[in-house]
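Below is one structure, written out as structure tokens; the observations come after it.
The values are calculated or read from the model by the stated rules, or taken from the named source; none is laboratory data. Predicted, not measured: the structure shown is a model, and the values here were computed from it. Backbone-built Cβ (ideal geometry, glycine too); neighbour counts: all protein chains shown. Calculation scope for accessible area: heavy atoms of the full protein, side chains included, ligands and nucleic acids excluded. Shrake-Rupley method; radii C 1.70, N 1.55, O 1.52, S 1.80 Å.
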Amino acid sequence: MERRKAIKKQRKGIKKSYRITVVGCGHVGLVTGACFAELGYKVCCVDKDKKKVSSLKKLILPFYEPGLFELVEKNYKERRLEFTPDLKKAIKSAQVIFIAVGTPPNPDGSADLSSLERIAYLVAKNLNSYKLVVEKSTVPVQTGEKIKETILRYRKNNRPFDVASNPEFLREGKAVHDFLHPDRIVIGVESERAEKILKDLYRSLKAPIVVTDINTAEIIKHASNSFLATKISFINAVARVCDLAKANIDKVAEAMGLDPRIGKEFLKAGIGYGGFCFPKDLEAFLYISKKLGYEFTLLREVKRINEEQKKYFVEKIKDYLWILKDKKIAILGLSFKPDTDDMRFASSLDIIEYLLKEGSRLVLYDPQSKKEAKKLLKGKKVKFAKDPYQAVRDCDCVCFLTEWDEFKRLNFKRIKKLMRMPLIADGRNMLDRAYVESLGFKYLGMGK
Ligand code: UDX
């Protein structure tokens, strides 16, 4: 209600006159564009992929994100949101340009920033009036400086521009909520004009705004994601000790989390973090720190622990079953976390690889990511089941690799009857151990 009032108020105000262009219709770009449109601004979303743009115009979204379709549909129909492949035109018509293109990892861990350079070049060539160019994608520190240098280098006139950093902290599956209800908004700027525009744009969101310089804003993003990954690897390392000491990691995490200095979030032990952000961002931070002259060995260890967790999970099953060759194993959950079909850098991919190397026969099931999984596992000897019950039939072990709600509601009595050997390997510590053991299952958890 309050937010609606705020939006109404804002629509009446001058702020709505800012015209925004968002470059890149990926997860970050599309959510950013749709949410700014929802806040009352006129937004043009650009993507070089013409097919994607024409699908978006038919309201077909390239990925699933809760709540996003509704925002896109509403704002597109009300003409606050438009889609185009024409970047030059979109640059010319905008005052604020958010760059949300991909920065995929190079083989050496550095980020591929060629798309950013191209956009900076095109901004320079199409600088028909003042523009604020804002980095939204996760980029290595000092990228803002490079964008500025590039625009200055190719600019044919003296029209003013600013570069700013405004890192996103959106989680997949909660991205719309995270945009509209942020914990904080970080703004890295070099001029009062840029600061004012960005503060204006976000005014109705009522979140604390941290204003700083561009390099600091870029580091805030690196440090936040790396710290969260560190928290996960820390608790996973403690889980290893819990296994050895016969202690319970869930209780350890619960008690630790009650200390407000620690906090309860991101203390869930299991098969480690995956997804398109943490592995890539950690790698990029390691790379850039080294390039600047600092060996961030702590992060190297965070990464090593994360990789080891997946091997450790398979070792646990092997310890119990002795021989994995020809054992039939069901994998329930493939996406890197629940409520998404995203399988990029999912922990399940490594675990599947290790089990296949051991010669196991795998049957996979995921509520959303079957299509993605089929693409990524093309040529691998795996089968897909239509539901969890079909997956576990005659299996020697069932692995839980993503904590989908639907798995918590499974009929475990039925599952036990269907399996050849009632073994549960719970990679996400999501099941009630006492309950499944009372049904006669052997339960392997991660640190409990
Ligand atoms: C993350 C950050 O949370 C977000 O702020 C940033 O902008 C993008 O990267 P996302 O990748 O969508 O978001 O997923 P997140 O919910 O953070 O989970 C990342 C991974 O960590 C998942 O594989 C998840 O299963 C794992 N995880 C998370 C744990 O293993 N334990 C935890 O306690 C929390």
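If I take every Cα pair under 8 Å that is 6 or more residues apart in the chain, average their sequence separation and divide by the length, what percent do I get for the relative contact order?
11
Quick one: give the max-minus-min coordinate of the C-alpha atoms of the chain along each principal axis, largest first, in Å.
Cα spread of the chain along its principal axes, largest to smallest: 73, 49, 44 Å.
Starting from the Cα of TYR389, step 7 Å along the direction of its Cβ; do the same at ARG304; then give the gap between the two resulting points in nm.
In this crude label model, TYR389 to ARG304 measures out at 4.7 nm.
Take every Cα pair under 8 Å in the stretch 353-448 that's 6+ residues apart, average their separations, divide by the length, and report that relative contact order as a whole percent.
With pairs under 8 Å counted, the relative contact order is 23 percent.
About the Cα centre of the stretch 2-212, what is the dipole size in debye to 20, counting +1 per Lys and Arg Cβ and -1 per Asp and Glu Cβ, all else neutral?
Here the size comes out at about 1280 debye.
Express in Å², to the nearest 10, the accessible area of THR138 obtained by rolling a 1.4 Å probe over the protein heavy atoms while all chains stay in place.
Per-residue accessible area (THR138): approximately 20 Å².
Roughly how many debye, to the nearest 20, is the charge dipole of the chain about its Cα centre, given +1 on each Lys and Arg Cβ, -1 on each Asp and Glu Cβ, and no other charges?
For this selection, approximately 1600 debye.
Take the alpha carbon atoms of the stretch 221-291, find their center, do the same for the stretch 410-448, and report the distance between the two centers in whole angstrom.
25
Set the Förster distance to 45 Å, then compute FRET efficiency between ILE209 and LYS380 from the Cβ-Cβ distance, nearest 0.05.
After rounding, the FRET efficiency stands at 0.40.
How much accessible area per residue does the stretch 227-444 have, counting only protein heavy atoms and a probe of 1.4 Å, in square angstrom?
Per residue, the stretch 227-444 has an accessible area of 51 Å².
For the stretch 36-104 and the stretch 167-189, what is the centre-to-centre distance using only Cα atoms, to the nearest Å?
When both Cα centres are located, 18 Å separates them.
Which residues in the stretch 174-218 have a backbone N closer than 12 Å to a point placed 7 Å from the Cα of GLU78 along the Cα-to-Cβ line?
none
Quick check on the chain: helices-only [θ] at 222 nm, where DSSP H runs of length 4 and up contribute -39,500 (n - 2.57) each and the sum goes over total residues. Nearest 500, please.
-14000 deg cm²/dmol
Could you tell me which residue out of GLY293, VAL96, THR150 lies farthest along the dipole of the chain toward its positive end? Charges go on the beta carbon: Lys and Arg +1, Asp and Glu -1, centred on the Cα centre.
Value computed over the given set: VAL96.
Extending each Cα 7 Å along its Cβ direction at ASP259 and ASP49, get the distance between those two points in nm, one decimal.
Distance between label points: 4.5 nm.
I need the Kirkwood Rh of the stretch 227-444: take the reciprocal of the average 1/r across all distinct C-alpha pairs and report it in angstrom.
18.0
Given a cut-off of under 8 Å on Cα pairs at least six residues apart, what relative contact order in percent is computed for the stretch 179-300?
Relative contact order of the stretch 179-300: 22 percent.
Quick check: residue separation of ARG184 and TYR130 times 0.36 nm, minus the Cα distance between them. What number comes out in nm?
Answer, rounded to one decimal: 16.7 nm.
Note down the accessible area of SER110, probe 1.4 Å, to the nearest 10 Å².
SER110 exposes around 20 Å² with every protein chain in place.
Give me the dipole magnitude in Debye, nearest 20, for the stretch 227-444 about the Cα centre, with unit charges on the beta carbon: positive for Lys and Arg, negative for Asp and Glu.
Here the stretch 227-444 has a charge dipole of around 780 debye.
Roughly how many percent of the accessible protein surface of the stretch 227-444 is carbon and sulfur, given a 1.4 Å probe and a whole-percent answer?
Here it works out to 55 percent.
So which residue, out of LYS231, LYS52, LYS380, gets the largest mean-square fluctuation from a GNM of the chain using Cα contacts under 10 Å as springs?
LYS380
Starting from the Cα of LYS290, step 7 Å along the direction of its Cβ; do the same at SER438; then give the gap between the two resulting points in nm.
Computed distance between label sites LYS290 and SER438 equals 5.2 nm.
Among rounded, prolate and oblate, which fits the stretch 2-212 when a ≥ b ≥ c are the square roots of the eigenvalues of its C-alpha gyration tensor, a/c under 1.5 means rounded, and a/b larger than b/c means prolate?
Note, shape of the stretch 2-212 comes out rounded.
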